[in-house]
Amino acid sequence: MIDSRAPNASPGAPRGQVQTRAVSDDEAGLRLDRWFQRHFPGLSHGALQKLLRTGQVRVDGKRAEGKDRVEPGQQVRLPPGVTLAPPPKPREIPTVSDRDAAEIQSLVIHRDDHVIVLNKPPGLAVQGGTGTERHIDGMLDALRFGFEDRPRLVHRLDKDTSGLLLIARTGQAAKRLAESFRDRETEKLYWAVVVGVPAQKEGDIDLPLAKRPGARDREMMQVDKEEGQKALTHFRELDRVGKRAALLALWPRTGRTHQLRVHCAAIGCPILGDGKYGGEEALLAAVADARRLHLHARRLLLPHPSGKGELQITAEPPPHFRRTVEAFGFSTDGD
């Protein structure tokens, strides 16, 4: 017979009794489904979704979804039949090689008690995947800097995109940063060198995007005005070389996968080096670094996760981007 009593039930609590468990301080900002994974490793994803869908799991008496984030002190209703696993063993901090620790620490351009900001180089993946063993997520323990909590990724950049990457130092900071991105309180500025020039020097690219299968199971995005999700990018031309190339400032107003790359290609100005979306048209034979993606997360402006003031950070572009800007004689004023 399954023991359905939750661990905080009293010794005399009857079997099958509904119990509740409080969210602890170190669990702030966790998704509800991951909270369950931590405490109920034997509960399958499908079983949890059924409990959520039927309202058997509630947070502070209200229906919830797996993607909802929990806060300290909230009471999670545990339905009969759900049993906690034994307390987990103390987590060992993974070992990060000296080489990787030195590299990721060298990328830090801002650090306070709530957030760490990296200037990510092109070619370094943010998270692991098929064939990707070395990535930022695997090096985060080298960014503890005396904190007990493991730093947490807040958002991602493509492997070949350079620039600003936010890392939360606490659960509460992760929650607030995630809310800033979700509620579009974050202003993101990118620089891109594009092949060709836009028809207008400034404007909006309002083209919905949808996913489609790509070669070798690599997912791609495409403009789809019938089934695509809204995607909006504001752009301004900073400089140009005739009709050959331009330096653009890009402000994504939505956060779709590969949004800037698809939008630039859609208006006839593929980002230099973006063979995936621009094909051969994204290459310029006369440019030494033509096969490297020229997309850089230049500046971030958002509410500080401490709740006090704003966080504004600017990152210098990588060497290949600077070489191309200098080769074309682009002016970067007015970004």
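The values are calculated or read from the model by the stated rules, or taken from the named source; none is laboratory data. Treat the numbers as computed from the prediction; the structure is a model and nothing was measured. As a convention, Cβ positions derive from the backbone with ideal geometry for all residues, glycine included, and neighbour counts pool all protein chains shown. For accessibility, only protein heavy atoms count, side chains too; no ligands or nucleic acids. Shrake-Rupley method; radii C 1.70, N 1.55, O 1.52, S 1.80 Å.
What is the Cα centroid distance between the stretch 69-83 and the stretch 291-314, reported in whole angstrom? After rounding, the separation between the Cα centres reads 35 Å. Size descriptors for the stretch 62-210, from the alpha-carbon set: Rg then Dmax equal 19.5, 63 Å.
When the chain is treated as a Gaussian network with alpha carbon springs shorter than 10 Å, the biggest mean-square fluctuation among His39, His304, His234 belongs to His39.
Of all stretches in the chain that contain no chymotrypsin sites (Phe, Trp or Tyr not before Pro) in a DSSP loop with at most 14 other Cβ atoms within 10 Å, the longest one is 148-335.
Only protein atoms count toward the accessible area here, which uses a 1.4 Å probe; on the chain, the carbon and sulfur part of that area reaches 45 percent. Straight-distance candidates among the lysines for linking to Lys230, with alpha-carbon spacing under 20 Å and chain neighbours fewer than 8 residues away dropped: Lys188, Lys211.
Estimated purely from DSSP H runs of n ≥ 4, each contributing -39500 (n - 2.57), the mean residue ellipticity at 222 nm for the chain is -5000 deg cm²/dmol once divided by its residues.
Identify the trypsin sites (Lys or Arg not before Pro) of the stretch 276-335 meeting these criteria: DSSP loop state and at most 11 other C-beta atoms within 10 Å of the C-beta. Passing both the DSSP loop test and the Cβ count: Lys308. Using a probe of 1.4 angstrom and keeping all protein chains present, the accessible surface of the chain works out to 53 square angstrom per residue.
Highest mobility in the GNM of the chain, judged by mean-square fluctuation with C-alpha springs under 10 Å and restricted to Val115, Val195, Val18, is found for Val18.
Find how much the distance from Ala327 to Ala210 grows on full extension, using 0.36 nm per residue of separation minus their present alpha carbon separation; answer in nm with one decimal.
Details: separation 117, 0.36 × 117 = 42.12 nm, distance 3.58 nm.
Gain on stretching Ala327 to Ala210: 38.5 nm.
A simple rule links phi to the HN-Hα coupling: the Karplus curve 6.51 cos²θ - 1.76 cosθ + 1.60 with θ = phi - 60°, which for the stretch 107-121 gives 8, 5, 10, 7, 8, 9, 6, 10, 9, 10, 10, 10, 9, 6, x Hz, with x for Gly and Pro. Of the GluC sites (Glu not before Pro) in the stretch 183-286, the ones in a loop by DSSP (not H, G, I, E or B) with at most 14 other beta carbons within 10 Å are Glu185, Glu219, Glu226, Glu227.
Taking all Cα-Cα distances within the stretch 88-159, those exceeding 20 Å account for 28%.
Only one residue of Ala245, Leu272, Thr132 has its Cα farthest out toward the positive end of the dipole of the chain, where Lys and Arg carry +1 and Asp and Glu -1 on Cβ, and that residue is Thr132. Please identify, among Ser306, Ser180, Ser97, the residue showing maximal mean-square fluctuation in a Gaussian network model of the chain using a 10 angstrom Cα cutoff. It is Ser97.
Just so you know, the Cα atoms of the stretch 209-325 work out to an Rg and Dmax of 16.0, 49 Å. Remark: relative contact order (the stretch 255-335) = 18 percent; criterion is Cα-Cα distance under 8 angstrom and separation of 6 or more residues. For the stretch 188-268, the spread of Cα coordinates along the three principal axes comes to 37, 26, 22 Å, biggest extent given first. Our coupling estimate for the stretch 275-290, obtained by passing each phi through the Karplus curve with A = 6.51, B = -1.76, C = 1.60 and θ = phi - 60°, is x, 5, 10, x, x, 5, 5, 8, 10, 10, 4, 7, 8, 4, 9, 4 Hz, Gly and Pro reported as x.
Based on alpha-carbon atoms, the Kirkwood radius and the radius of gyration of the chain give Rg/Rh equal to 1.04. The largest-to-smallest principal axis extents of the Cα set in the stretch 142-243 are 53, 34, 29 Å. Projecting the Cα atoms of Leu118, Ala327, Ala178 onto the charge dipole of the chain (Cβ charges, centred on the Cα centre) puts Ala178 farthest toward the positive pole. With the cut-off at under 15 Å, measuring from each backbone N in the stretch 239-255 to a point 7 Å along the Cα-to-Cβ line of Thr314 picks out 249-250.
On full extension of the chain, what length is gained from Arg253 through Glu133, given 0.36 nm per residue of separation minus the C-alpha to C-alpha distance?
On the way: separation 120, 0.36 × 120 = 43.20 nm, distance 3.19 nm.
The span from Arg253 to Glu133 would gain 40.0 nm if fully extended.
Under unit Cβ charges (Lys, Arg +1; Asp, Glu -1), what dipole magnitude, rounded to 20 debye, does the chain have relative to its Cα centre?
On the way: 53 positive and 45 negative charges, 186 e Å.
Dipole of the chain, to the nearest 20 debye: 900 debye.
Tell me, what is the FRET efficiency for Phe147 and Gln229 to the nearest 0.05, using R0 = 51 angstrom and their Cβ-Cβ distance as r?
Values: r = 36 Å, r/R0 = 0.71.
Efficiency, rounded to the nearest 0.05: 0.90.
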